[in-house]
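What follows is one structure encoded as structure tokens, with my remarks underneath.
The values are calculated or read from the model by the stated rules, or taken from the named source; none is laboratory data. These figures come from a predicted structure and were not determined experimentally. Positions of Cβ are generated from backbone atoms using ideal geometry, with glycine treated the same way; all protein chains shown enter the neighbour counts.
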Amino acid sequence: MFEHLTLQYSEVESILKDQYVPDIKPSEIQVILNLRDAYQYAATINNVTDFSLTNVLEINLLVKGARAQDAGQIRTTDVIVPLTNETYQPPIPNEAQVQKLVTNIMSDTTTTTDKALTLMLTLSRMQPFMDGNKRTAIVAASALMFADKRGLIAIPEDKLHWYSWQLTKYYRSDNMQPLKQWLADNAVFGINA
């Protein structure tokens, strides 16, 4: 579910084993290593009730890399998300808004899986960071799943195009229910998911 990466599974595996992979851009290698670090951090979150904006900020810091400008910080300028034949420009968030969003999701009485999917989709649409929003969103959602031993969220490779198209529809409509149900049926993996 990581756009702009053209790596094969075997290449990712080699990168994670610190093996040389020919003809791979250093930037792609860095994305993989940053995701590894973000998922390792996500696996250390032990309690769903303790999950907060602080965790989301840390995940974004790791996803982008600590040296990246604005990593782990709520954006203060506009971003434009290219969609098919148009663009989506979410409002500039402030930290209090994002804090309230995360708190509201976490205090809901729904299942952990529902909270994780809601968090993932809401962060993806809100675009609270300058970069790495969808990666941050899926790692944060998986962190909740890990903390409650519910598995993880992963978009199947053969469904990436469809998922991107549905995400575009969600950006336009702000109706997450159809996509959330599809994710629950197709992208939640693990015991007791």
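In table form, for the structure just shown:
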quantity	calculated
Residue within region 95-104 that is in a loop (DSSP other than H, G, I, E, B) and either at pLDDT 95 or above or more than 23 Å from I32 (Cα to Cα) (or both) present	no
Complete set of residues in region 166-179 that are in a helix (DSSP H, G or I), touching a residue at least 24 places away in the same chain (Cβ under 8 Å) and either hydrophobic (A, V, I, L, M, F, W, C) or within 17 Å of D114 (Cα to Cα) (or both)	L167, Y170, L179
Pair list, Cβ under 7 Å, 6 or more apart: region 15-27 residue more than 13 Å from L5 (Cβ to Cβ), other residue modelled with pLDDT of 90 or more and assigned to a loop (DSSP other than H, G, I, E, B)	none
Tally of residues being more than 20 Å from L179 (Cα to Cα) and touching a Pro at 6+ places or on another chain (Cβ under 8 Å) across region 67-118	5
Test result for A43, touching a Leu at 6+ places or on another chain (Cβ under 9 Å), over 24 Å from Y163 (Cα atoms) and aliphatic (A, V, I, L, M)	no
Every pair of residues 6+ apart whose Cβ atoms lie under 9 Å, when the first sits in region 102-117 and is more than 19 Å from G151 (Cβ to Cβ) and touching a residue at least 24 places away in the same chain (Cβ under 8 Å) while the second is hydrophobic (A, V, I, L, M, F, W, C) and exposed (fewer than 12 other Cβ atoms within 10 Å of the Cβ)	none
Where Y163 falls short, out of the listed (1) out of contact with any Pro (no Cβ under 9 Å at 6 or more places or on another chain); (2) surrounded by 15 or more Cβ atoms within 10 Å (Cβ to Cβ); (3) aromatic (F, W, Y); (4) in a helix (DSSP H, G or I)	(1)
Residue list for region 42-92, filter: more than 20 Å from N104 (Cα to Cα), assigned to a helix (DSSP H, G or I) and without any contact (Cβ under 8 Å) to a residue 24 or more places away in the chain	L61
Odd one out for V139 among (1) in contact with a Phe, Trp or Tyr (Cβ under 7 Å, 6 or more places away or on another chain); (2) more than 24 Å from N46 (Cβ to Cβ); (3) modelled with pLDDT of 95 or more	(2)
Per-region count, region 45-56, residues surrounded by fewer than 16 Cβ atoms within 10 Å (Cβ to Cβ) and modelled with pLDDT of 95 or more	2
